[in-house]
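Worksheet: the structure to be examined is printed underneath.
The values are calculated or read from the model by the stated rules, or taken from the named source; none is laboratory data. Small disclaimer: the values here were computed from a predicted structure and weren't measured. Virtual Cβ from ideal backbone geometry, glycine too; neighbours counted across all protein chains shown. Calculation scope for accessible area: heavy atoms of the full protein, side chains included, ligands and nucleic acids excluded. Shrake-Rupley method; radii C 1.70, N 1.55, O 1.52, S 1.80 Å.
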Amino acid sequence: MTTRHARPLIALLPGDGIGPEVLHAARRVLDALAFEAEYIECDVGWRFWQTEGDALPERTIRALESCDAALFGAITSKPATEAEKELPPELRTGARRYTSPIVRLRQHFDLHTAIRPCRAYAGNPRNIRDATDLVVFRENTEGLYGGIEWRTLPEPLARVMSDPEHGHPDRMRRWFELGLDQVSLSTRFVSRPGAERIARSAFDYARAHGRRRVTLLEKPNVLRETGGVMTERFRAVASEFPEIDASEANMDAACTQLVMQPERFDVIVAENMFGDIVSDLAAGLVGGLGFAPSGNIGDRFAVFEPTHGSAPDIAGQNLANPIAMLLSARMMLEWLARDELAERLEAAIAGLIRDGLANTRDVALPGEPVATTGQITDRLIDRIQAHAPANPEPARS
Ligand code: ATP
């Protein structure tokens, strides 16, 4: 990855709840690795919605446009009606709609590929399946989460959908009989370039990382058109990677297989919502959300974040597991081509888990000692410093 700046410019987006705590841990660890970078902290989160009516202010988007990458803590999202109530009275005009900042970032910066590794680190007492070591490639801008939906079905749209030539008059009859104001609609858009891009990202990754199998999770026997395009483009890309085993599975059946035989999966490709679901399921196999990092990758910019939310129930108590955030920082280092730093961080995290020292409350078994976010970060920093090379890797850009 060629960065805009010789010393990469990294945006820190703390967000809400435990976001600032785990992001602080990541910053300390990156400093301990002597990662040469510039940082800017940007405003994002619920309190900006409450005060300005925008959880992702325009000034933050402008600042991000000059950055190489961002580290995102976590964000609180609430349903539209609750969000409206928390606006200051003068902004409660009904004109503002709350949209999750991370969804807006994905769309504004075309962060088309979400990468979500799930690895069962040896020694993690919360592993359900020790054999799990997979990476989910989730399409991040299209599909069922594309954001095109209606609470009540607009009549012009319903008319087009029941048009005898292009639509489905038989199936639409039921909705007209029910009354269009009783019917809501969410769409699933899949573009050919989008389907091809996510498949290619997965195969490129598999080739670069020596992974042997890429599996498409879809449901083309039911979602014939969009699932059909996903399958068709997947097969086209797969033909360019003869050394990699390309397989396909129905999304529902794959959930069972994942729990029973996770070793059958290596790299997974999926549409937006399917990818979201399967990556959360896989996170459950390897100790839960505290171990699930992610990267939202575009062509020139990427945002790295733990997949967990803001965990308001434990916020501000030094209880959060920072590992998902730290593994996200590791992914950022790899994306910035700081491979040696990424490997050192991975090795330090794996060692800490192996030695039973990554024991936040979500990890420790009943009756076992529990460590705070800060203690775990301190231990990791000690480990990194104890294994520091005599001549650190010079920054490449
Ligand atoms: P949000 O509204 O921000 O999505 P949430 O509580 O609905 O918040 P999560 O934040 O993902 O969803 O939390 C789900 C559960 O997992 C909570 O009980 C939370 O305490 C726990 N949890 C999430 N992340 C962590 C973490 N890093 N360390 C420890 N526990 C966590």
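Remarks
- For the options PRO101, PRO154, PRO14, a Gaussian network treatment of the chain with springs between C-alpha atoms closer than 10 Å singles out PRO154 as fluctuating the most.
- Legend: residues MET325, MET273, sorted from most to least accessible area (1.4 Å probe; ligands, DNA and RNA excluded), read MET273, MET325.
- Between the range 292-311 and the range 312-339, the alpha-carbon center distance in angstrom: 10
- Per residue value of the accessible surface for the chain (all protein chains in place, 1.4 Å probe), Å²: 46
- 0 to 90° range, to nearest 10: angle between helix 323-335 axis and the chain longest Cα axis: 90
- The chain - share of DSSP beta bridges that are antiparallel (%, nearest 5): 40
- Under-5 Å amide H pairs with ASP266, H placed in peptide plane, nonlocal only: THR215
- The chain: angle of helix 251-260 to the longest principal axis, Cα-based, in degrees nearest 10: 30
- Cβ-derived FRET efficiency at R0 30 Å, ASP110 paired with ALA236, nearest 0.05: 0.85
- Those GluC sites (Glu not before Pro) in the range 219-302 that DSSP places in a loop and that have at most 15 other beta carbons within 10 Å: GLU225, GLU240, GLU243
- Just so you know, the Cα atoms of the chain work out to an Rg and Dmax of 22.2, 75 Å.
- Ranking by accessible area, most exposed first, for TYR145, TYR121 with a 1.4 Å probe: TYR145, TYR121
- Protection proxy ranking, highest mean first, for peptides 34-41, 343-350, 159-166: 343-350, 34-41, 159-166, where packing is the per-residue count of other beta-carbon atoms within 10 Å, averaged.
- Across the chain, the mean sequence separation of Cα contacts (distance under 8 Å, 6 or more residues apart), normalised by length, yields a relative contact order of 23 percent.
- Helix 272-285 vs. the chain, principal-axis angle (Cα, 0 to 90°, nearest 10): 40
- Rounded accessible area of THR93 (nearest 10 Å², 1.4 Å probe): 100
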